[in-house]
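Visitor: If you scroll down you'll find the structure; I have some questions about it.
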Amino acid sequence: MEVITIEVGPLASNCYILYCQNTKRAAIVDPGAEEQSIINQIQRNKLDVQYILLTHGHFDHIGAVKYLREELNAPVAIHAEDADCLNDDSKNLSFYMGMDIGGQGTADIMLKNGDKLYVGDITLKVIHTPGHSRGSVCFLSSRAVFTGDTLFHGSIGRSDFPGGDFKELINSINNKLMVLDDNCIIYPGHGPVSTIGREKVINPYIK
Ligand SMILES: [Zn+2]
Ligand SMILES: [Zn+2]
């Protein structure tokens, strides 16, 4: 699996393009903004986008969904409990930030815990990790996990937004992420990459 990272938007959200070297099939994770940079990478690497995957519904992760779906004709997948965020500026928090991202359409695929998605030779498993938002999910491949705003390098996501719950967030991290292999690479929604093993040592929220 190859991973391209593009930092997008005013909150420096990480948009990831993951792809299979053999088939050039790809998925975009969290296209928060800057659709043209994302399209440029897709074209430069001649990728065939199978899915637009959303770790959750906050505006800084979904702002380029509408444009990319139309441009790439790829289905948009989000957990059912965050699906309303796509067309609701209060739920996706853009209203509170004074930046209306506009309607992003409706979800094509409602994700649930344990779902599997296939991108060429890559299998992605959906892990429901509520706490930052009700419908937060992580996408797990054989050697990496895309954690959205659930888990960061040395920190964790906020739980004070509507639908957030600190206890639930800690439970999700400890019971569903810290059980993964220590070598598993963490691709977070903001900031630098890490590994599960490293977070066990440096992350003050993990015990
Ligand atoms: Zn968020
Ligand atoms: Zn975010």
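Visitor: Only residues that are in a strand (DSSP E or B) and more than 12 Å from ligand 2 (Cβ to nearest atom): list them for segment 141-150, please.
Guide: Result: 144, 145, 146.
Visitor: Still on this structure: Condition check: within 24 Å of residue 70 (Cα to Cα) and polar (S, T, N, Q). Does residue 123 satisfy that?
Guide: No.
Visitor: Residue 37 versus (1) buried (at least 21 other Cβ atoms within 10 Å of the Cβ); (2) of a type outside the set (D, E, K, R); (3) out of contact with any Phe, Trp or Tyr (no Cβ under 9 Å at 6 or more places or on another chain): which is the lone unmet condition?
Guide: (1)
Visitor: Please indicate, with yes or no, whether at least one residue in segment 27-34 is in a loop (DSSP other than H, G, I, E, B) and away from ligand 2 (no atom under 16 Å from the Cβ).
Guide: No, segment 27-34 contains no residue that is in a loop (DSSP other than H, G, I, E, B) and away from ligand 2 (no atom under 16 Å from the Cβ).
Visitor: Criterion first (basic (Lys, Arg), in a loop (DSSP other than H, G, I, E, B), over 20 Å from residue 19 (Cβ atoms) and free of Cβ contacts under 8 Å to residues at least 40 places away in the same chain) does residue 158 satisfy it?
Guide: yes
Visitor: When segment 91-119 is examined, which residues are found to be among the polar types (S, T, N, Q), surrounded by fewer than 17 Cβ atoms within 10 Å (Cβ to Cβ) and more than 16 Å from the chain's Cα centre (by Cα)?
Guide: 106
Visitor: Is it the case that segment 48-69 has a residue that's surrounded by fewer than 21 Cβ atoms within 10 Å (Cβ to Cβ), over 13 Å from the mean Cα position of the chain (by Cα) and touching a residue at least 40 places away in the same chain (Cβ under 8 Å)?
Guide: There is no residue in segment 48-69 that is surrounded by fewer than 21 Cβ atoms within 10 Å (Cβ to Cβ), over 13 Å from the mean Cα position of the chain (by Cα) and touching a residue at least 40 places away in the same chain (Cβ under 8 Å).
Visitor: Quick one: would you say residue 126 is in contact with a Gly (Cβ under 8 Å, 6 or more places away or on another chain) and of a type in the set (A, V, I, L, M)?
Guide: For residue 126, the condition - in contact with a Gly (Cβ under 8 Å, 6 or more places away or on another chain) and of a type in the set (A, V, I, L, M) - is met.
Visitor: Residue by residue through segment 35-69, note down the ones that are more than 16 Å from ligand 1 (Cβ to nearest atom), in a helix (DSSP H, G or I) and in contact with a Gly (Cβ under 9 Å, 6 or more places away or on another chain).
Guide: If the condition is that a residue be more than 16 Å from ligand 1 (Cβ to nearest atom), in a helix (DSSP H, G or I) and in contact with a Gly (Cβ under 9 Å, 6 or more places away or on another chain), then 35, 66, 69 are the ones that fit.
Visitor: A further question follows. Please specify each residue of segment 28-62 satisfying the condition of being over 23 Å from residue 102 (Cα atoms) and of a type in the set (A, V, I, L, M, F, W, C).
Guide: 42, 47, 49 - these are the residues of segment 28-62 that are over 23 Å from residue 102 (Cα atoms) and of a type in the set (A, V, I, L, M, F, W, C).
Visitor: Moving on to the next point. Can you tell which of 12, 27 is over 13 Å from the mean Cα position of the chain (by Cα), at pLDDT 95 or above and of a type in the set (A, V, I, L, M)?
Guide: 12
Visitor: For segment 192-207, give me each residue that is under 22 Å from residue 124 (Cα atoms) and either in a loop (DSSP other than H, G, I, E, B) or within 16 Å of ligand 1 (Cβ to nearest atom) (or both).
Guide: Within segment 192-207, 192, 193 meet the criteria.
Visitor: Suppose the filter is in contact with a Gly (Cβ under 9 Å, 6 or more places away or on another chain) and at pLDDT 95 or above; does residue 94 pass it?
Guide: In short, no.
Visitor: Can you tell which of 105, 131, 98 is closer than 18 Å to residue 189 by Cβ and part of a loop (DSSP other than H, G, I, E, B)?
Guide: Exactly one residue qualifies, and that residue is 131.
The values are calculated or read from the model by the stated rules, or taken from the named source; none is laboratory data. Because the structure is predicted, anything quoted here is derived from the model rather than measured. Positions of Cβ are backbone-derived with ideal geometry, glycine not excepted, and every protein chain shown enters the neighbour counts.
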